[in-house]
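What follows draws every value from the coordinates through simple rules; no lab data is involved. Because the structure is a prediction, the values reported are computed rather than measured. In this analysis, Cβ positions are derived from the backbone assuming ideal geometry, glycine residues included, and neighbour counts consider all displayed protein chains.
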Amino acid sequence: MQILDGKLVSKAIKDQLALNVAELKAQGKKVPHLAAILVGNDGASETYVASKVKSCAEIGYHSTLLRFDDHISEKHLLDHINMLNENPDVDGILVQLPLPKSINEELVINTIDPSKDVDGFHPMNVGKMVSGLPTFIPATPYGIMLMLEHYNIETKGKHAVVIGRSHIVGTPMSILLSRNSNPGNCTVTLCHSQTKNLKELCLQADIVVAAIGRPDFVTGDMVKEGAVVIDVGINRVADNTKKSGFRLVGDVKFDEVAPKCSFITPVPGGVGPMTIAALLKNTYHSAIGQKG
Ligand code: GUN
């Protein structure tokens, strides 16, 4: 069993991006600029956004963080997005999800200029992705594809079972894995809350991507010997022995599943860092006028 080390792979990608930024500077060009919007004070969202902003600084990008409290009006938020759309210095805009219930998430996403939508959530970019056209690929599934590529994991002809059909992870993941590309060329089964025979399907999987958001959901008896297991879950579980009061647990019961795997991602240190590396890659592509 080999651990897929997201920290290591993301560092290699970030190091390359830092070199690219230095090159842009040497040519007198502007550096990539990511604008992040965070509404409210959800602890997990704060951590993710802080980590995105910190990574920008590490590799020489500019970043802007706009913070608003839960009570911001939808109009005020849309006005800010429009300002970022119109600011030629800004290359990438991300609005951290989820948003408070009072705000229409779809309207917010639709307001982001598709050419700055480095999360790849705008329907125009989703449509391009489904059509196989160059566009921004959502960061988590893009990061997973980069990880599979880095470790040269054979995906052609394999049966991939993706658990979870979110627009952020499961749905785009199923599309990317089924594409005629490398990595890709999988036969994909997309499972969700209404799937009846989840365990039998998982047991047939050569590759399992768990993106359900439920701690320890995938257990040892659900995974076949030699499978590749990608754990997207970052669940906070109460733990009084920790200073923070919680510990992070994946969607996969690591101790049971790992011994059966050929490759597995840990939590933390697996998919999480890859998501950030992929976002930074999208932002770089936006800055140089490319989409992937
Ligand atoms: N919330 C959870 N994952 C993501 C992500 O990739 N992008 C944004 N904007 N919000 C998220």
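Before moving on, here are some points about what is shown:
- Mean separation of Cα contacts under 8 Å (6+ apart) over length of the chain, as relative contact order %: 22
- Relative protection proxy for 217-223, 42-48, from highest mean packing down: 217-223, 42-48 (other beta-carbon atoms within 10 angstrom).
- Over segment 157-202, the hull volume per residue, using the convex hull of the C-alpha atoms, is 60 Å³.
- If a spin label sat at a point 7 angstrom from the Cα of N185 along the line to its beta carbon, the backbone N atoms of segment 130-174 nearer than 12 Å would be those of 154-158.
- Evaluated with a Cβ-only charge set (Lys, Arg +1; Asp, Glu -1), segment 139-272 carries a dipole of roughly 320 debye about its Cα centre, given to the nearest 20.
- Highest-MSF residue in the chain out of S174, S115, S131 [GNM, Cα springs under 10 Å]: S131
- With each label modelled as a point 7 angstrom along the Cα→C-beta vector, the A50-A238 pair spans 2.3 nm.
- Taking the inverse of the mean reciprocal distance over all distinct Cα pairs, the Kirkwood hydrodynamic radius of the chain comes to 19.6 Å.
- For segment 53-103, applying the loop criterion from DSSP together with a ceiling of 12 other beta carbons within 10 Å to the trypsin sites (Lys or Arg not before Pro) yields K101.
- Shape category assigned to segment 1-114 from the gyration tensor of Cα positions, a/c cut at 1.5: oblate
- Each part reduced to its alpha carbon centroid, segment 259-292 and segment 1-56 end up 10 Å apart.
- Under 5 Å between amide hydrogens, built in the peptide plane, is the criterion, and for G270 it picks out G6 among residues at least 5 positions away or on other chains.
- Placed amide H near V218: partners under 5 Å, 5+ positions off or other chain: V252, K253
- Relative to the longest principal axis of the Cα atoms of the chain, helix 271-287 runs at roughly 40 degrees.
- Loop-located trypsin sites (Lys or Arg not before Pro) in segment 206-292 (DSSP state other than H, G, I, E, B) with a sparse environment of at most 11 neighbouring Cβ atoms within 10 Å: K242, K243.
- Taken over the Cα atoms of segment 139-272, the convex hull encloses 106 Å³ per residue.
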